[in-house]
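Participant: To start, I am sharing the structure in question, which I have written as structure tokens.
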Amino acid sequence: MSYTEEVYERVVAQNPGEPEFHQAVKEVLDSLKVVIDKNEEEYRKLSILERLVEPERIISFKVPWIDDNGTVQVNKGYRVQFNSAIGPYKGGLRFHPSVNQGILKFLGFEQTFKNSLTGLPIGGGKGGSNFDPKGKSDREVMAFCQSFMTELCKYIGADTDVPAGDIGVGGREIGYLFGQYKRIRGLYEGVLTGKGLSFGGSLIRTEATGYGVVYMLNEIAKAHNDSVEGKTIVVTGSGNVAIYAVEKATQLGAKVVAMNDSNGYIYDPNGINLDVVKDIKEVKRGRIKEYADRVEGATYTEGLGIWNIKCDIYLPCATQNELGLDGAKTLVANGCKYVVEGANMPTTLDATTYLQENGVLFMPGKAANAGGVATSALEMSQNSMRLSWTREEVDEKLHNIMIDIFHKADDAAKRYGMEDNYVVGANIAGFEKVVDAMKAQGIV
């Protein structure tokens, strides 16, 4: 049995009931086999892979808070500090009923490689709670966030661990969290990113992940003598990442015809009217089906199946494992040429393999959606220097980071004779930097 297989079996045995974490580890270790085999003796001696797949620290805590009826509610809170070899832990907080320790370990593990690819000095972490902000009043969200931060503040700091937002954690939640951190610790520092512009936030941060996905898509197309312009695109999700992927793709001359949420999907053959989507999702916090009532010619379909809409490019920007094998087969049959992940691991392993084997150019989330955390790191830099860069400055830095990530993944894939396999390329490029730092710092 190979070293990578041994470590994977150990991960499954020692982390029962955590399928998302198992999946993330398997995808990375399978990709790294070509690298590990060349240096197996050294990596075994130093237990590089065993150290890489084990979080440095996991904090788990209860979060009691009082709802609008005066009833005490209790949620679970977590912070997984996965790897600090190249910088302080960096990664979002997710507030969603599906949150558990296994999902956060998968996200923290992925974040380690994603952050490495940005070229910026940030390690990997992730956190969150099974609290659901949907349907809660602002006062209830504030009460929860203050209780959550009362415990979390003991373990984070500008040079230790810098959380950001993720699913369920937007500007409102970050504001409440930052206010409570400042109140308890007495520090005004860049401990959270995604802050409001009036208290240390960065321009372009809201748009960064979605913009970065399309910048990455554009680089892949250019490398294959193609263009985004004139292409038909399906974007899954209707949150922050999806909205700004649609915005940037439209600016580059593509036509986005479909979006969805957890209830169903909309199809607009004339191209999505993003002003309507923003009003529904960002202003009214409503459901995507309202779009069909407001836009002539648009239709709404309940349930799954957005992949049935014919497209040249598919951008999954919702959540993990949303695109399975059946969906991948439909995309291929309908002539889809590019799948670029805006969410974290939204494509199952068998679907990813099928897409690659059938000529679809596939870029994994750890490379494609790194624009968000890259801009968070730029926010950290601005906070440290007490500066605020212009929108144009931040956008240019983001664009250049995404171009650089593409070339790192592309070059690594070519070095190992696997051209156009960006899954392998991204994993190898991220791994090499982290391991170099781990080896230099000794057994820690």
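Participant: Could you work out the pair-distance distribution P(r) of segment 61-106 from its alpha-carbon pairs, with 5 angstrom bin width and percents rounded to whole numbers?
Facilitator: Pairs per bin, as whole percents: 5, 17, 22, 20, 15, 11, 6, 3, 2, 0.
Participant: For a quick check, take a GNM of the chain with Cα springs below 10 Å and name the residue from Y338, Y188, Y267 with the largest mean-square fluctuation.
Facilitator: Taking springs between Cα atoms under 10 Å, the residue moving most is Y188.
Participant: Let me ask something else about it. Need one number: % antiparallel among DSSP beta bridges in the chain, to the nearest 5.
Facilitator: Values: 24 of 47 bridges.
The antiparallel proportion sits near 50 percent.
Participant: Please compute the modelled spin-label separation between T330 and N69, points set 7 Å along Cα→Cβ, answer in nm with one decimal.
Facilitator: Simple spin-label model gives 3.9 nm for this pair.
Participant: Another question, if that's okay. Between their Cα atoms, which of K182/K433; K414/K439; K126/K255 are more than 28 Å away from each other? Intermediate values should be presented prior to the final figure.
Facilitator: Numbers: K182/K433 34 Å; K414/K439 25 Å; K126/K255 34 Å.
Pairs exceeding 28 Å: K182/K433; K126/K255.
Participant: Sorted by average packing, counted as other Cβ atoms within 10 angstrom per residue and highest first, what order do 253-263, 384-394 take?
Facilitator: Details: 253-263: 20.4, 384-394: 12.5.
Taking the mean over residues of other Cβ atoms within 10 Å, the ranking is 253-263, 384-394.
Participant: Are there any GluC sites (Glu not before Pro) in segment 270-366 that are in a DSSP loop and have at most 15 other Cβ atoms within 10 Å? List them by number.
Facilitator: Values: sites: E282, E290, E296, E302, E322, E341, E357; in loops: E296, E322, E341.
Of the GluC sites (Glu not before Pro), the ones in loops of segment 270-366 whose Cβ has at most 15 other Cβ atoms within 10 Å are E296.
Participant: In debye, nearest 20, what is the charge dipole magnitude of segment 198-339 about its Cα centre with +1 on Lys and Arg Cβ and -1 on Asp and Glu Cβ, if you could check? Write down the numbers at each step before the final one.
Facilitator: On the way: 15 positive and 17 negative charges, 28 e Å.
The dipole magnitude comes to about 140 debye.
Participant: What order, most packed first, do the peptides 409-417, 141-149 have when packing is the mean number of other Cβ atoms within 10 Å of each residue?
Facilitator: Values: 409-417: 17.8, 141-149: 22.8.
Top to bottom by mean Cβ count within 10 Å: 141-149, 409-417.
Participant: When only alpha-carbon atoms count, how far does the chain stretch along each of its three principal axes, as whole angstroms with the largest first?
Facilitator: Projected onto its principal axes, the Cα set of the chain covers 63, 58, 43 Å.
Participant: Under the rule of -39500 (n - 2.57) per DSSP H run of 4 or more residues, summed and divided by the residues of the chain, what mean residue ellipticity at 222 nm is obtained, to the nearest 500 deg cm²/dmol? Don't jump to the answer; show the numbers that get you there.
Facilitator: Numbers: 17 runs with 207 residues, N = 444.
One gets -14500 deg cm²/dmol as the mean residue ellipticity at 222 nm.
Participant: Please report E151, E9 as a ranked list, fewest other C-beta atoms within 10 angstrom at the top and most at the bottom. The partial results should precede the final answer.
Facilitator: Working: E151 15, E9 11.
By the 10 Å Cβ count, ascending: E9, E151.
Participant: Continuing with the same structure: Please find, in a Gaussian network model of the chain (springs between Cα atoms separated by less than 10 Å), the residue of F431, F21, F199 whose mean-square fluctuation is greatest.
Facilitator: For the chain, modelled as a Gaussian network with Cα springs under 10 Å, the answer is F199.
Any read-out appearing in this document is the output of simple, stated calculations on the displayed coordinates, not a laboratory observation. It should be emphasised that the depicted structure is a prediction, and the values quoted were computed from it without experimental measurement. Note that each Cβ is placed from the backbone with ideal geometry, even for glycine, and that neighbours are counted across all protein chains shown.
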